[in-house]
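Taking it in order: structure first as structure tokens, then the write-up.
Readers should treat all values here as calculations from the given coordinates under stated rules, not as data from a laboratory. Values in this document were obtained by computation on a predicted structure and should not be read as measured data. Cβ atoms come from the backbone with ideal geometry, glycine included; neighbour counts cover every protein chain shown.
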Amino acid sequence: LKENKFGVSIDRALALYKKAELSKHLDVFGLDYHIGSQITEVSPFIEALEKALELISQLKAEGIKMSHIDIGGGVGIAYNEEKTINIEKYIQSVLDKVGDLEVILEPGRAIVGNAGIFVTQVEYLKQSGVKSFAIIDGAMNDLQRPSLYGSYHQAIAVEDNSKGIKDTWDLVGPICETGDFLAKDRELTLAQGDYIALMSAGAYGFVLSSNYNSRPRVAEVMVSGSDHALVRKRETVGSLFENEFIFNNEIN
Ligand SMILES: Cc1ncc(COP(=O)(O)O)c(C=O)c1O
């Protein structure tokens with residue numbers, strides 16, 4: 001973490017708190033930290049909490065009293081049936097230790113990650129003999145995680161298609177980058193026109209999307225039980241240019 005751009009090391013924290021306490025412009029009352037993302041076990045949270053509580057008692061000995069602790073660190077979700085944190089056990093282990101400090105949590109993707117899917121359609125199938133590609137209409141601009149950091153999202157055919165071709169497919173988008181893929185080596189039965197759902201796209205999905213390759217961003221549809229509603233309309237090619245001006249237009 002010392003090579004990481006975020007925060008300050010715990011060794012420097014005591015001195016910084018003492019400095020802050022002397023400032024008439026600052027009101028020192030909390031300790032906040034973030035230990036990383038997609039954490040799938042309770043133990044790192046508890047180890048960090050124990051260190052933080054130790055710092056809080058050192059601060060107390062210096063006359064600096066903390067009233068809240070922010071035990072940041074993103075709670076992991078299952079992208080591919082991995083085991084992750086039992087939230088009840090996690091909260092109970094925290095509450096057992098924090099005494100009367102106010103606790104702030106930053107669970108991150110655990111709130112919405114598994115609540116969203118990205119639906120895309122197969123445009124073409126290409127089997128080279130060495131590799132089989134399903135070229136889909138979704139791309140790295142829509143769901144950046146696989147190409148950005150090799151993340152895994154389950155890919156599920158929306159409807160069973162027994163007329164399709166069973167193979168091991170790479171799902172690739174139409175963008176002019178070799179790294180434009182959403183999933184690799186997936187056993188699926190596919191035909192042109194089929195819909196595929198990329199699962200767990202509710203966090204770092206749409207918010208990481210871009211207009212790269214002049215691609216309008218997708219519509220967002222919210223589903224509740226058997227109801228659904230459009231909550232963000234699909235962008236158009238026209239809307240991509242609506243904030244642009246022609247250079248020196250007023251002169252011509
Ligand atoms: C300060 C802070 N808290 C919480 C989170 C959420 O974590 P996650 O990436 O697991 O969603 C992040 C994410 O980077 C963060 O920077």
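The Cα atoms of segment 12-69 cover 41, 21, 20 Å along the three principal axes, with the biggest extent listed first.
When DSSP beta bridges are restricted to pairs lying wholly in the chain, around 65% turn out antiparallel.
Mean sequence separation of contacting Cα pairs (under 8 Å, at least six apart), scaled by the length of segment 113-240, corresponds to a relative contact order of 30 percent. Between segment 134-168 and segment 192-242, the C-alpha centres lie 15 angstrom from each other.
Taking each of 51/89; 126/166; 5/83; 126/184; 2/97 in turn, the alpha-carbon distance tops 18 angstrom for 51/89; 5/83; 2/97.
What is the dipole size for segment 113-240, taken about its Cα centre, with +1 at each Lys and Arg Cβ and -1 at each Asp and Glu Cβ, in debye to the nearest 20?
With only Lys, Arg, Asp and Glu charged at Cβ, the dipole is about 180 debye.
Applying the Kirkwood pairwise sum to the alpha-carbon positions of the chain produces a hydrodynamic radius of 21.9 angstrom.
Here is the P(r) of segment 10-110: all C-alpha pair distances, binned every 5 Å from 0, give 3, 12, 23, 22, 16, 11, 8, 4, 2, 1, 0 in whole percents. When the chymotrypsin sites (Phe, Trp or Tyr not before Pro) in segment 22-73 are filtered for DSSP coil states and for at most 16 other beta-carbon atoms within 10 Å of their beta-carbon, the remaining sites are 29.
Its residue count N fixes a reference of 2.2 N^0.38 Å for segment 113-240, and the Cα radius of gyration divided by that reference is 1.04.
Assuming charge only on the beta carbon of Lys and Arg (+1) and of Asp and Glu (-1), the dipole of the chain about its Cα centre is about 340 debye to the nearest 20.
Loop-located GluC sites (Glu not before Pro) in segment 53-130 (DSSP state other than H, G, I, E, B) with a sparse environment of at most 14 neighbouring Cβ atoms within 10 Å: 62, 81, 82.
Once every DSSP H run of n ≥ 4 in the chain is given -39500 (n - 2.57) and the sum is divided by its residues, what mean residue ellipticity at 222 nm do you get, rounded to the nearest 500 deg cm²/dmol?
-6500 deg cm²/dmol
Structural descriptor for segment 1-160: relative contact order 19 percent, calculated from alpha carbon pairs under 8 angstrom and at least 6 residues apart.
Seen from every direction in turn and averaged, the convex hull around the alpha carbons of segment 138-196 projects onto 4.0 nm². Which loop trypsin sites (Lys or Arg not before Pro) in segment 26-101, with loop taken from DSSP, have no more than 13 other Cβ atoms within 10 angstrom of their Cβ? Passing sites in segment 26-101 are 65, 83.
What fraction of the Cα pairs in segment 78-128, stated in percent, has a spacing above 15 angstrom? Write down the numbers at each step before the final one.
Values: 859 of 1275 pairs.
Counting every Cα pair in segment 78-128, those more than 15 Å apart make up 67 percent.
Taking the Cα centre of each part, how many Å lie between segment 26-54 and segment 60-112? Computed from Cα coordinates, the inter-centre distance equals 7 Å.
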